[in-house]
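Q: Would you mind keeping the following structure in view while I ask a few things?
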Amino acid sequence: MESKLNQLKTRIAEIQDLRKAGALLSWDQQTYMPPGGAAARAEQLATLQKTAHTWFVSDEIGQLLEDLETEAASWDYDSDEASLVRMLTRDYRKARKLPPDLIAEIARVTTLAFEAWTRARQDSDFPLFLPHLEKIVELNIRVAEALGYQECIYDPLLDQFEPDMKTAQVAAIFAELKAELLPLVRAISERLDRVDDSVLHRPTDVDKQWQFGLEVIKDIGFDLERGRQDKSVHPFTTSFSIGDVRLTTRLDPNYFPTALFGTLHECGHGLYEQGIDPALERTSLDDGASLGVHESQSRLWENLIGRSRPFIQHYFPRLQALFPEQLGEVDSETFYRAVNRVQPSLIRVEADEVTYNLHIMLRFELENDMLEGKLRVADVPEAWNAKMQEYLGLVPPNDRLGVLQDVHWSSGLFGYFPTYTLGNLLSVQFFDQAKQEVPDLLDQIASGKFEALLAWLRNAIYRHGRKYTPGELVQRVTGQGLTARNYLNYIRTKFSEIYGL
Ligand code: ZN
């Protein structure tokens with residue numbers, strides 16, 4: 001008779017096939033699908049997702065996991081098999097707690113909410129989105145209650161994206177960040193004229209931008225035999241298997257950092273996916289440890305490498321050769337300072353490294369207040385603007401540039417935003433560890449050599465996929481838990497130098 005473990009693996013592999021087929025349909029929707037395909041595509045995706053969910057929460061899977069639980073307790077904790085049973089048991093318990101009618105209602109409400117949000121944002125009309133957002137808050141409260149919690153209603157929502165992370169821990173980290181970042185932003189705001197980034201706004205040929213991006217991702221180790229890059233309005237990365245990882249990017253003729261840093265960002269996600277141990281293929285462990293850990297890799301390649309002096313010193317001559325008219329008279333140091341310019345701004349996705357996390361804190365605080373009933377949804381725009389004034393010294397002139405800017409709430413996602421900040425913190429923690437273990441790392445980067453860094457990341461992080469929780473992974477890699485210290489040191493050192501503080 002086939003072992004229980006093999007039976008479980010077979011069933012999970014089939015479920016993963018459905019999920020990955022869904023990923024392919026979404027990728028196509030965002031890259032090549034003509035608009036006429038939208039309605040049918042929504043049905044196709046819904047069918048695949050519903051089927052995958054039904055198969056996963058079946059009694060059969062539950063029985064197999066229960067039968068294996070005792071046996072698995074004696075297996076090596078680090079083995080693929082023990083991790084598989086551990087993670088699946090966790091996923092299964094969570095998935096079973098959500099009633100199917102609640103899942104269906106979320107799908108219905110968010111489809112309508114997304115449409116309303118698109119129009120509301122366009123016309124800067126919050127009242128149009130308000131009834132939808134009210135329903136979404138209500139549904140999130142029901143989800144939190146179904147999943148269960150002890151301290152904060154936010155805990156189970158956060159846990160969906162960052163397993164084991166608690167709201168109180170995030171709040172403590174944000175308080176620590178805020179205490180240092182607010183004065184830093186104020187100090188820099190008084191010296192904004194120290195950095196001029198006008199050189200970045202000179203028009204450049206988009207085909208050359210595309211070509212340069214491809215050169216860079218090949219150099220840093222993205223395998224184009226096991227992946228490709230396409231264009232999309234909102235850049236993203238997805239994977240259909242470890243041997244087929246898709247990046248997308250966008251090109252702006254009047255601001256070429258959009259393409260370069262967007263490409264590096266998505267490539268960081270893609271390197272993670274390509275680096276997962278092939279033995280984990282079709283097990284559901286062939287994924288990142290969490291959204292925060294995934295984001296740590298995109299941020300590491302985008303900011304800690306891409307916006308670093310060694311990287312820019314290496315690539316600047318190549319950029320000058322590609323864009324002689326725009327960059328011929330510029331030096332590498334001016335360019336380095338330009339791509340690291342700090343500017344308090346209204347839009348999160350355009351924020352620099354210093355101000356970015358303040359945008360996240362604001363959202364985290366508003367989400368908590370809405371869920372706890374401390375803030376009426378109708379009053380969110382006012383609360384948003386007050387926090388923008390407090391944190392960044394700016395008030396959005398309209399809700400399109402304020403509370404309506406992000407897609408997340410319309411998609412039903414509460415508890416998601418903090419993972420961006422966790423990713424920023426982890427990127428520095430991991431990179432500091434890599435520098436300790438590979439002493440000449442920065443010299444290697446300055447001469448365009450990335451193999452040692454990639455090998456270190458693969459060994460420490462990528463190959464494990466989702467075998468460990470984020471907390472376990474950080475502890476294994478750095479010997480300590482998540483901390484804001486490394487990140488704050490990095491920011492203080494880098495930007496004090498640039499702004500002469
Ligand atoms: Zn990302």
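The values are calculated or read from the model by the stated rules, or taken from the named source; none is laboratory data. The structure displayed is predicted, hence computed values, not measured ones. Every residue, glycine as well, gets a Cβ built from its backbone with ideal geometry; the counts of neighbours run over all protein chains shown. Protein only, heavy atoms only, side chains kept; ligands, DNA and RNA dropped before computing areas. Shrake-Rupley method; radii C 1.70, N 1.55, O 1.52, S 1.80 Å.
Q: Quick check on my filter: what residues within the stretch 246-264 are within 14 Å of the ligand (Cβ to nearest atom) and surrounded by 24 or more Cβ atoms within 10 Å (Cβ to Cβ)?
A: 247, 249, 263, 264
Q: Given the criteria in the same structural domain as residue 461 (by TED's automatic domain parsing), within 19 Å of residue 315 (Cβ to Cβ) and within 16 Å of the ligand (Cβ to nearest atom), does residue 294 qualify?
A: No; evaluated as a whole, the condition is false for this residue.
Q: Name the single residue that is least open to solvent (accessible area, probe 1.4 Å) among those in the stretch 297-326 being within 16 Å of the ligand (Cβ to nearest atom) and in a loop (DSSP other than H, G, I, E, B).
A: If we filter the stretch 297-326 for residues that are within 16 Å of the ligand (Cβ to nearest atom), which is where we start, we get 297-307.
The next check asks that each one be in a loop (DSSP other than H, G, I, E, B); those that pass are 306-307.
Values: 306: 1, 307: 44 Å².
Filtering first and then ranking leaves 306.
Q: Which of the helices (runs of 4 or more DSSP H) contained wholly in the stretch 155-240 include at least 1 residues that are more than 30 Å from residue 452 (Cβ to Cβ) and assigned by TED's automatic domain parsing to the domain that holds residue 453?
A: 167-189, 206-220
Q: Let me ask something else about it. In the stretch 102-118, what count of residues is obtained for those that are open to solvent by less than 100 Å² (accessible area, probe 1.4 Å) and either among the charged types (D, E, K, R) or touching an Asp or Glu at 6+ places or on another chain (Cβ under 6 Å) (or both)?
A: Going through the stretch 102-118, the residues open to solvent by less than 100 Å² (accessible area, probe 1.4 Å) turn out to be 102-107, 109-111, 113-114, 116-118.
Okay, now just the ones that are also either among the charged types (D, E, K, R) or touching an Asp or Glu at 6+ places or on another chain (Cβ under 6 Å) (or both), so 105.
So the count comes out to 1.
Q: Conditions first: (1) over 23 Å from residue 96 (Cβ atoms); (2) within 30 Å of the chain's Cα centre (by Cα); (3) surrounded by 15 or more Cβ atoms within 10 Å (Cβ to Cβ). Residue 75 passes all but one, so which condition is the exception?
A: Of everything listed in (1) over 23 Å from residue 96 (Cβ atoms); (2) within 30 Å of the chain's Cα centre (by Cα); (3) surrounded by 15 or more Cβ atoms within 10 Å (Cβ to Cβ), residue 75 misses just condition (2).
Q: Between 282, 307, which is basic (Lys, Arg) and closer than 30 Å to residue 6 by Cα?
A: After applying the criteria, what remains is 282.
Q: Please work out which one of (1) touching a Lys or Arg at 6+ places or on another chain (Cβ under 7 Å); (2) touching a residue at least 60 places away in the same chain (Cβ under 8 Å); (3) away from the ligand (no atom under 16 Å from the Cβ) is the condition residue 336 fails and give its number.
A: (2) is the only condition that residue 336 fails.
Residue-wise test of (1) hydrophobic (A, V, I, L, M, F, W, C); (2) within 16 Å of the ligand (Cβ to nearest atom); (3) free of Cβ contacts under 8 Å to residues at least 12 places away in the same chain; (4) open to solvent by less than 10 Å² (accessible area, probe 1.4 Å).
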| site | (1), (2), (3), (4) |
| --- | --- |
| 372 | no, no, no, no |
| 381 | no, no, no, no |
| 389 | no, no, yes, no |
| 425 | yes, yes, no, yes |
| 435 | no, no, yes, no |
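Q: Identify all residues within the stretch 262-278 that are over 15 Å from residue 294 (Cβ atoms) and out of contact with any helix residue (DSSP H, G or I) (no Cβ under 6 Å at 6 or more places or on another chain); write none if there are none.
A: Selection gives 262, 278.
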